[in-house]
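Worksheet for the structure shown next.
The values are calculated or read from the model by the stated rules, or taken from the named source; none is laboratory data. Given the structure is predicted, the values throughout are model-derived calculations rather than measurements. All Cβ positions, even for glycine, are placed from backbone atoms using ideal geometry, and neighbour counts span all protein chains on display.
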């Protein structure tokens, strides 16, 4: 089955792990046609922002400000974090060792993502969207947990030239953007049983699959570039959770409480995947466990996992009934991405966007580019 996991839903807008300190975490889905959305009134966010933009570090990839959206600065630090998120799945190769055309492609993708996020944020602010301080504080507490202690977090932030106030502001922005998208796009989209059946009938061969396994997991994230002490604290935290799981606590509830990715809201359920879809270390353990089993801590590029195998299926053709729930989610994600892309395109037309560093060809702020080459 050629479904993208629901946890990978909307490109630059749904920020699954609040601890990420501004990284765009969701990969950009491929299909994005859509319905029109009203144009945003440009929001003048310039007051005080330029002065608050953190200057570039001596070793930084980009200057302090790389773009402006209706006057609001896009920081080089933000773009660098987005680039690093794109490089993480291929082992974080040194920036200087990459081909020039690939560096430009990564830069284009990262700036496009940052600009699109800023456009939606400005639209949300203009529409009066706000989030409760308690919700921001709740997300901030997840950040603290990911580092293991206040002291470890403060040290990591200092290394990045950041502080708690900037983290809180980033979390607030993420929540505002997510709320706007949910209220205006994803929350209004429906998929009928007839649409599901029609898609299955027209694409039956897409539902032929190799051996697949359905897993749930609990993830304690370890940010790229973390110190050995941060890694040790993350390992210690996942081991403590594993003790609770093996004593019989409900795995889904533990995932909702502790897991640091978007699957937490689904009790950690990642659905069915085939080998090669997820991190190699995760795959190796998932396909070796018996149904119902819990793994020891597994270290992937993202961090530490506890994996629980829920089901497995031999290679074959999935029936409509077997595929119905996941297919409905897939079709909903496609509709969401169509409308989100349409919204960004419209906002971009009505905005003043200045790109201050070289980018590849294409309209400034476009979030869709060709897939990165290895």
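Summary of computed values
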| item | result |
| --- | --- |
| Selection from the stretch 217-243 of residues that are within 20 Å of residue 289 (Cα to Cα) and touching a strand residue (DSSP E or B) at 6+ places or on another chain (Cβ under 9 Å) | 217, 218, 219, 238, 239, 241, 242 |
| Single match in 228, 280 (criterion: more than 20 Å from the chain's Cα centre (by Cα) and more than 29 Å from residue 199 (Cα to Cα)) | 228 |
| Scan of the stretch 273-289 for residues that are in a loop (DSSP other than H, G, I, E, B), touching a helix residue (DSSP H, G or I) at 6+ places or on another chain (Cβ under 8 Å) and over 16 Å from residue 303 (Cβ atoms), ordered by number | 275, 276, 277 |
| Check on residue 172, in contact (Cβ under 8 Å) with a residue 12 or more places away in the chain, touching a helix residue (DSSP H, G or I) at 6+ places or on another chain (Cβ under 6 Å) and farther than 23 Å from residue 348 by Cα | no |
| Qualifying residue in the stretch 205-222 (condition: at pLDDT below 90 and touching a helix residue (DSSP H, G or I) at 6+ places or on another chain (Cβ under 9 Å)) | yes |
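Okay, residues lined up against (1) over 29 Å from residue 328 (Cβ atoms); (2) more than 21 Å from the chain's Cα centre (by Cα):
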{"site": "236", "(1), (2)": "yes, yes"}
{"site": "246", "(1), (2)": "yes, yes"}
{"site": "263", "(1), (2)": "no, no"}
{"site": "311", "(1), (2)": "no, yes"}
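A quick yes/no check of all residues on (1) in a loop (DSSP other than H, G, I, E, B); (2) within 19 Å of the chain's Cα centre (by Cα); (3) not assigned by TED's automatic domain parsing to the domain that holds residue 92:
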| site | (1), (2), (3) |
| --- | --- |
| 291 | yes, no, yes |
| 301 | yes, yes, yes |
| 305 | no, yes, yes |
| 308 | no, no, yes |
| 321 | no, no, yes |
| 324 | no, no, yes |
